[in-house]
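Written below as structure tokens is the structure these notes are about.
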């Protein structure tokens with residue numbers, strides 16, 4: 001069992017033109033299964049990257065993919081909204097020039113570091129407080 005589960009999901013679903021309903025159902029099912037085996041965990045859900053900012057993709061593909069990804073993102077957020085100790089991360093900030101790996105599509109080492117910092121900065125302290133109390137020496 002884990003204290004925090006970080007689920008990153010969606011980019012391949014957007015690329016594969018997955019339907020909103022199927023994607024939202026899958027995200028909810030995955031989150032519910034994670035909850036079942038990790039009943040006390042904080043579940044962090046990172047959804048779509050900002051495909052509109054992928055300079056490696058040419059227009060109109062970039063914009064069409066961004067629109068589809070945003071639609072999937074909205075559907076998945078609605079599917080997990082209101083679930084206990086589940087937090088869907090906000091949409092990511094602009095990617096820095098050092099974010100990308102050499103393929104200009106995936107995050108590189110700096111990108112993963114930036115992503116981790118964004119995650120930590122985005123999670124409300126109220127969700128982290130029970131973890132701190134659980135692991136404090138005073139219990």
Self-check item: Filter pass, residue 126 being part of a loop (DSSP other than H, G, I, E, B) and more than 20 Å from residue 25 (Cβ to Cβ)
Solution: no
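Give the residues of the range 95-111 that are exposed (fewer than 15 other Cβ atoms within 10 Å of the Cβ) and either touching a residue at least 40 places away in the same chain (Cβ under 8 Å) or assigned to a loop (DSSP other than H, G, I, E, B) (or both), sorted by residue number. Lay out the reasoning, then the answer.
Here is the first cut: in the range 95-111, the residues exposed (fewer than 15 other Cβ atoms within 10 Å of the Cβ) are 96-98, 101-106, 109-110.
Selection gives 96, 97, 98, 101, 102, 103, 104, 105, 106.
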Quiz item: Within the range 123-138, is there a residue that is out of contact with any helix residue (DSSP H, G or I) (no Cβ under 7 Å at 6 or more places or on another chain), under 23 Å from residue 57 (Cβ atoms), touching a residue at least 12 places away in the same chain (Cβ under 8 Å) and surrounded by 14 or more Cβ atoms within 10 Å (Cβ to Cβ)?
Solution: no
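Each row is one residue, and each column tells you yes or no for (1) without any contact (Cβ under 8 Å) to a residue 40 or more places away in the chain; (2) out of contact with any strand residue (DSSP E or B) (no Cβ under 6 Å at 6 or more places or on another chain).
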{"site": "4", "(1), (2)": "no, no"}
{"site": "7", "(1), (2)": "yes, no"}
{"site": "10", "(1), (2)": "no, yes"}
{"site": "22", "(1), (2)": "yes, yes"}
{"site": "25", "(1), (2)": "no, yes"}
{"site": "33", "(1), (2)": "yes, yes"}
{"site": "36", "(1), (2)": "yes, yes"}
{"site": "43", "(1), (2)": "no, no"}
Exercise. Could you figure out which of (1) in contact with a helix residue (DSSP H, G or I) (Cβ under 9 Å, 6 or more places away or on another chain); (2) within 19 Å of residue 47 (Cα to Cα); (3) part of a loop (DSSP other than H, G, I, E, B); (4) modelled with pLDDT of 95 or more isn't true of residue 92?
Key: (4)
Exercise. Inspect all residues belonging to the range 52-65 and state whether any of them is in a loop (DSSP other than H, G, I, E, B), without any contact (Cβ under 8 Å) to a residue 12 or more places away in the chain and closer than 22 Å to residue 129 by Cα.
Key: no
Practice problem: Kindly check whether there is at least one residue in the range 66-74 that is in contact (Cβ under 8 Å) with a residue 40 or more places away in the chain, assigned to a helix (DSSP H, G or I), within 30 Å of residue 134 (Cβ to Cβ) and in contact with a helix residue (DSSP H, G or I) (Cβ under 8 Å, 6 or more places away or on another chain). | Solution: no
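The values are calculated or read from the model by the stated rules, or taken from the named source; none is laboratory data. None of these values were measured; they are calculated from a predicted model. Every residue, glycine among them, receives a Cβ derived from its backbone with ideal geometry; neighbour counts consider all protein chains shown.
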